[in-house]
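In what follows, a structure is listed as structure tokens, so that the remarks can point back to it.
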Amino acid sequence: MSLTLNRHIYLPLFVAFLNCFLFLIAIISLFIRDADHQPHWSRCVLAILIPSLMAYRGLKRKTIDYTGAIAGMIIGMSVILSSYVGMVAFITCYLATSKATRIGEDIKRQFEPNFKKGGQRNWIQIVSNLGAANIALLLRLIWFGVGEIRLDFLHNENYWNSWLLLSSLISISAALGDTFSSELGPVFSGPNTEPLLITTLRRVPRGTNGGVTIDGFIAACIGGFIIGLTSYISIIMFIPTSGYWIQTTTSHHIKWSTPQWPLLHFCLYSGLLGSTLDSLMGATLQYTGFDHNRRRIIENDQQQIVDPFGSTLSNSFNFEHITGRNILNNHEVNLIMTIIMATIVPLIIMPLWPFGFGDSY
């Protein structure tokens, strides 16, 4: 039996390969660092134990398949070795996504073209949502070694360390915000609510790529805020207040610090922005049609729905084009969105980040 790869798999495959390559480089780098930047044995145990338990839970509940379990374990080990703050965000994203996927399954079954009970995410979906964040944390692990640090943008020695951590948190916030928007938005909007196409504001069938609702935007904000809140709490708990810039004057000292609380609203905005960006790309670069025979959305312009490995799932000859072009699929849109959020949004945030006096929380 021959295996034909769909062209949409190459970008996730490249990012997966990059994650594995950087993971190996990071592991090697840990052995050649000084003792202060090597992981404690307890961190190594957690890096193996927690992803293994999460993978077992996901397989048992059928929220992931075996490929998703392997991808999740690699990403989980990378995250925990790099940062406990990233670990909390990773676990939060996993648990929240699993819960959101199971809400309103009967409703989502009616319009999702490739609906799976429990979601049952595979490696492509794991990499598309968390691959960009994991790359940022792996680069942090390679360049700076193991160690926790508060976000500190006032010291040159801490700037890029903090930037990479912030990049990962922003990317995870965007991923969870987009997941909440797509999983919970249609459920909370009600069975008879048709979304608005984000580019033209016309009514479109539920499940249309680029269709948005107020409930979806609210859900995206909630998803981003959840990551911001758990990250803020973990920073306060895991990392003692340290590091500030002292400017000496003739009469007194001024202590400046980088407060951590802006994570709360910047992650919230990232959830909303990530969902909006995903909808814009979905409405323009992702094909959406409507199968009048089955009264369902289809996502391929070749009169058939194809899975990532090229297997035909169904055929339909009586369909209507709604929006978009067959340039990207849903996984590619998610992946590109998280990459943009991880690389560009921190640059936008930096000039807007407020600084405080003393040890500001």
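The values are calculated or read from the model by the stated rules, or taken from the named source; none is laboratory data. All values derive from a computational prediction rather than experimental measurement. FYI the Cβ positions are ideal-geometry reconstructions off the backbone, even for glycines, and counts take in every protein chain you see.
When the residues of segment 194-208 are filtered to those that are in a loop (DSSP other than H, G, I, E, B) and touching an Asp or Glu at 6+ places or on another chain (Cβ under 8 Å), the one that is modelled with the highest pLDDT is V204. Listed conditions (1) surrounded by fewer than 16 Cβ atoms within 10 Å (Cβ to Cβ); (2) in a helix (DSSP H, G or I) are all met by G216, apart from (1). Just give me the residues in segment 149-182 being of a type in the set (D, E, K, R), assigned to a helix (DSSP H, G or I) and surrounded by fewer than 24 Cβ atoms within 10 Å (Cβ to Cβ), in sequence order. Matches in segment 149-182: E157 only.
In the set L18, L24, which member is at pLDDT 90 or above, within 22 Å of G145 (Cα to Cα) and under 19 Å from the mean Cα position of the chain (by Cα)? The unique qualifying residue is L18. When segment 27-65 is limited to residues that are closer than 30 Å to I340 by Cβ and in contact with a Lys or Arg (Cβ under 9 Å, 6 or more places away or on another chain), the one that is surrounded by the fewest Cβ atoms within 10 Å (Cβ to Cβ) turns out to be D65. Picking from residues in segment 68-93 that are farther than 24 Å from L13 by Cβ and hydroxyl-bearing (S, T, Y), the one that is surrounded by the fewest Cβ atoms within 10 Å (Cβ to Cβ) is Y84. On inspection, I149 does not qualify as over 18 Å from the mean Cα position of the chain (by Cα), aliphatic (A, V, I, L, M) and under 21 Å from L268 (Cβ atoms).
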